[in-house]
Amino acid sequence: MDDLIAEVDRKCDTAHRPGGQEQPDRLALLTVAAQLAGQLQEQADDLVEDYVEHCRMHGNSWTDIGTALGVTRQAVQQRFHAPHKRYSPEAMTDDLRRAMIHVKQAAVRHRNNYIGTEHLLWGLTAEDNSATRLLRAAGVSPDTVHRSVGSRLGMGASQEAERIAWTPYSRKAIDIAEARSRRNGSDHIRCDDLLIGLAEIGRGVAADVLTEAGFDPAALGPTPDGA
């Protein structure tokens with residue numbers, strides 16, 4: 001707590017004696033404290049989501065996860081198993097729609113009831129598209145990435161192929177991809193948009209594979225043409 005208070009003081013040092021007053025500007029300090037608390041809560045939520053994702057990947061049931069978190073199975077499913085925003089095919093390029101077919105096939109083939117970042121990266125590198133061209137432009141072999149992420153696809157026990165939900169990191173990746181496509185003035189999400197989304201998250205299987213392969217989105221130049 002002392003460290004957090006010191007951080008508030010550091011970020012709001014001008015609030016202590018506004019206009020030469022002896023009393024600190026307590027409302028200004030409160031504002032900074034609330035902002036810091038919000039940032040900490042976001043990090044805490046990401047931390048819990050990370051471990052929930054790992055538990056699901058390793059076969060733990062929603063009931064077991066709920067017990068570990070001290071809530072009901074229904075409560076934990078509502079929080080972490082919420083349906084992903086449905087992106088219509090019209091919101092994706094032809095290449096990304098084809099990649100998504102590979103993504104779902106990978107999940108079904110491995111009997112996984114979730115789509116993780118590893119499934120997304122595997123699908124993006126299954127055939128030539130703007131993502132594989134971006135990897136090559138960055139000096140990274142798409143085939144190497146494909147084999148590497150493929151080796152990390154674990155076999156599950158799900159029989160519910162039609163009830164596949166996106167993990168929190170996968171949802172974040174597609175959200176980043178959508179935002180990037182809009183910034184570029186496009187109404188369609190491209191494969192390279194999703195690839196960068198996976199890398200920018202910085203967590204998850206796909207981010208680990210891309211980092212190990214030497215892919216750094218911060219060092220990229222203009223995106224290769226073509227979707």
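The values are calculated or read from the model by the stated rules, or taken from the named source; none is laboratory data. These numbers come from a predicted model, not from an experiment. All Cβ positions, even for glycine, are placed from backbone atoms using ideal geometry, and neighbour counts span all protein chains on display. Accessible surface is based on the protein model in full, side chains and every heavy atom, while ligands, DNA and RNA are left aside. Shrake-Rupley method; radii C 1.70, N 1.55, O 1.52, S 1.80 Å.
Observations on the model:
- On the basis of the beta-carbon distance and an R0 of 25 Å, residue 44 and residue 109 show a calculated FRET efficiency of 0.10.
- Put 72, 67, 132 in order of accessible area, highest first, and with a 1.4 Å probe you get 67, 72, 132.
- Probe 1.4 Å - accessible area at residue 118, Å² to nearest ten: 0
- Global form of the stretch 104-180, assessed from the alpha-carbon gyration tensor, a/c cut-off 1.5: oblate
- Segment residue 25..residue 69, full-extension length gain: 12.0 nm, with 0.36 nm per residue of separation and the alpha-carbon distance subtracted.
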